[in-house]
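Report on the following structure.
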Amino acid sequence: MTYYKIVVAYDGTGYHGWQVQPGATTISQILIDSFFSVFCQKISLLGASRTDAGVHALGQVAIVRSPIEVESEVLRRAWSKAIPSEIVIRKVEQLDRLIHPHDGVIQKTYAYHFFLERPLPFVQRFGWYFRRKVDLELLQSALNIFVGTHNFRSFCSGDDLQDTIRTIDSMNVSYVPAWNAYRIEVKGKSFLRYMVRRIVGACLEIASRDSLSLNDLANVLSKQNPCHTLPNAPSKGLVLEQILYEKKGGAE
């Protein structure tokens, strides 16, 4: 058996996320099926992050378990010819042993993009058109509430009943002139399902409603209850940008 680490970028529009699901078109399933179409061999594939339906990636990392051995660059080029244009295999690295894609992770970077004016057609699928006026200074203050180590039970899918304590290293909002968009960059070692989107949706709500305050947001966080009325930002604005590893795992 041969093991590879791959770095994959994809436009998640029209896909039911990364993870293989019965009867659904997913990024993993496309990669598995396309590998078989080229090499007539079945592989297993395990991703470092389970991106949901509609979420995009620039630096998804996955471990491939293959019954055949092919030189890394040859494999990447041949495999790439069989996948649709919205998926790109950016890098293939052969490993000397099987590792888990979570092992050695130092930090993951996600970005969420939103527009305050109607976006241009070629970028609209990568961000949320938020139609209310946003106080950007208040938005940054809202994001700062989540920096550090907290119990994020209130900001996950609701199915995470075990360990919901996570650490966010930083959350910052900036302007992207080329897109006429705003970008919220989130960095941390690991995240719960829907966590980034629920935080972004909640913070934008706070920053656009006079009837809500930073104290309201802090209270929702402290109650550790996912059943609240603050919105979940749509998946189309979220991008998994990068996963950094310890040097022994090969930093990406």
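Assorted remarks:
- Set 42/187; 91/247; 81/108; 5/81 screened for pairs whose C-alpha atoms are more than 23 Å apart: 42/187; 81/108
- Cα centroids of segment 132-206 and segment 32-71: 29 Å apart.
- Fewest-first ranking of 3, 10, using other Cβ atoms within 10 Å as the exposure measure: 3, 10
- Dividing the mean sequence gap of close Cα pairs (under 8 Å, 6+ apart) by how many residues segment 110-242 holds gives a relative contact order of 35 percent.
- Principal-axis tilt of helix 214-223 within the chain, Cα atoms, nearest 10 degrees: 60
- Packing-based order for 94-100, 187-193, using average beta carbon neighbours within 10 Å, highest first: 187-193, 94-100
- The dipole here belongs to segment 110-242: it is taken about the Cα centre, uses +1 on the Cβ of Lys and Arg and -1 on the Cβ of Asp and Glu, and is about 320 debye.
- Whether the chain is rounded, prolate or oblate, judged on the alpha carbon gyration tensor where a/c under 1.5 counts as rounded: prolate
- Three-way shape label, segment 164-252, alpha-carbon gyration tensor, a/c 1.5: oblate
- Net charge dipole size for the chain [Lys, Arg +1 and Asp, Glu -1 on Cβ; Debye, nearest 20]: 180
- Computed [θ] at 222 nm, helices only, for the chain once each DSSP H run of length n ≥ 4 contributes -39500 (n - 2.57): -6500 deg cm²/dmol
- Projecting label points 7 angstrom from Cα along Cα→Cβ for residue 37 and residue 65 puts them 2.5 nm apart.
Throughout, read-outs are computed from the coordinates displayed, never taken from laboratory work. These numbers were taken from a predicted model, which means no experiment stands behind them. Here Cβ is always computed from backbone atoms with ideal geometry, including for glycine, and neighbour counts include all displayed protein chains.
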